[in-house]
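This report concerns only the one structure given below.
The values are calculated or read from the model by the stated rules, or taken from the named source; none is laboratory data. Worth saying up front: this structure is predicted, and the values here are computed from it rather than measured. Note that each Cβ is placed from the backbone with ideal geometry, even for glycine, and that neighbours are counted across all protein chains shown.
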Amino acid sequence: MTEGFSIQDLSFEPLSKENVPLDFNCGDKDLDDFIINDALVHQDANVAMTTLVRYRSEVVAFYSLATDCISLDSNEKGRIRKEYRIPYSEFPALKICRLAVCKGFQGKGIGRAMVYDVIGLALDLQEWMGLRFLSVDAYRASEGFYKKLGFLFNHHENEIDPRGETVSMRFDLQPIVWEEREI
Ligand SMILES: CC(C)(COP(=O)(O)OP(=O)(O)OC[C@H]1O[C@@H](n2cnc3c(N)ncnc32)[C@H](O)[C@@H]1OP(=O)(O)O)[C@@H](O)C(=O)NCCC(=O)NCCS
């Protein structure tokens, strides 16, 4: 099924009532339940929009996005304050609400391709609106994935999950910072 797989063969499409992947299985029950039962409802309510990733005829991954506003603690916002003399504590962000790759296709670069797709979208949006960060509440088991792609931890108390199930992370979209990264 994954024989001859190439990242170039992936295609991206919006979720609609015609293409809900009813057999999606990424190994996480909540994420599977979300894409099968809830994503369309969130989309209809305009609270999170979902993009599906298709390989050949199969939906192999998805991500859902919404707008966000993140708080940075005083150390974290220091650089922005120094560089631009902007005193804010909160910054506009695009949130990766959910992101998952189905079991048989994990570890093939699809997660990375989806985050790059979101970065491309965010850079387009920056022409029209203030948008400084990508944000994500990462499962503890996947924080290493986001770290690898250049996300940092958010330490502001507003961003800490009281249940400790997720960790708040952010990716700085500022081009100068971005160019310095090797992602
Ligand atoms: C986490 C997940 C999205 C990663 O997607 P993926 O397509 O398997 O990851 P990629 O192949 O694009 O990996 C990109 C890089 O991240 C690394 N990576 C992937 N998953 C990782 C993890 N859980 N921890 C640490 N590093 C990870 C890979 O080794 C790879 O590094 P490399 O380029 O040096 O080889 C996917 O495994 C998944 O859907 N898991 C179950 C659901 C989940 O946890 N979703 C995230 C919710 S916040």
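Here are a few things to note about the model shown:
- Residue under evaluation Val59, criteria (1) among the aliphatic types (A, V, I, L, M); (2) surrounded by 11 or more Cβ atoms within 10 Å (Cβ to Cβ); (3) outside any strand (DSSP E or B), criterion not met: (3)
- Tally of residues being of a type in the set (A, V, I, L, M, F, W, C) and part of a helix (DSSP H, G or I) across the stretch 72-97: 1
- Total residues in the stretch 145-164 satisfying the condition of being within 8 Å of the ligand (Cβ to nearest atom) and either under 14 Å from Pro92 (Cα atoms) or touching a strand residue (DSSP E or B) at 6+ places or on another chain (Cβ under 9 Å) (or both): the figure is 4.
- Any hit, the stretch 26-34, residues being modelled with pLDDT of 95 or more, aliphatic (A, V, I, L, M), within 11 Å of the ligand (Cβ to nearest atom) and closer than 20 Å to Glu165 by Cα: yes
- Test: Gly78 is more than 16 Å from the ligand (Cβ to nearest atom), modelled with pLDDT of 95 or more, more than 14 Å from the chain's Cα centre (by Cα) and surrounded by fewer than 15 Cβ atoms within 10 Å (Cβ to Cβ): no
- Subset of the stretch 157-175 [in a loop (DSSP other than H, G, I, E, B), in contact with a helix residue (DSSP H, G or I) (Cβ under 8 Å, 6 or more places away or on another chain) and under 15 Å from Arg79 (Cβ atoms)]: Leu173
- Considering only residues in the stretch 98-125 that are more than 6 Å from the ligand (Cβ to nearest atom) and not in a helix (DSSP H, G or I), the one that is farthest from the chain's Cα centre (by Cα) turns out to be Cys102.
- Of all residues in the stretch 1-53 being among the aromatic types (Phe, Trp, Tyr) and under 20 Å from the mean Cα position of the chain (by Cα), the one that is surrounded by the fewest Cβ atoms within 10 Å (Cβ to Cβ): Phe12
- Taking residues in the stretch 31-46 that are within 14 Å of Cys102 (Cβ to Cβ), and partners anywhere that are loosely packed, with under 11 Cβ neighbours inside 10 Å, the pairs with Cβ atoms closer than 7 Å and at least 6 places apart or on different chains are Ile36/Leu22.
- Look at the stretch 102-114: where a residue is without any contact (Cβ under 8 Å) to a residue 40 or more places away in the chain and a partner is part of a helix (DSSP H, G or I) and within 8 Å of the ligand (Cβ to nearest atom), sitting 6+ places away or on another chain with Cβ atoms under 9 Å, you get Arg112/Phe145; Arg112/Lys148.
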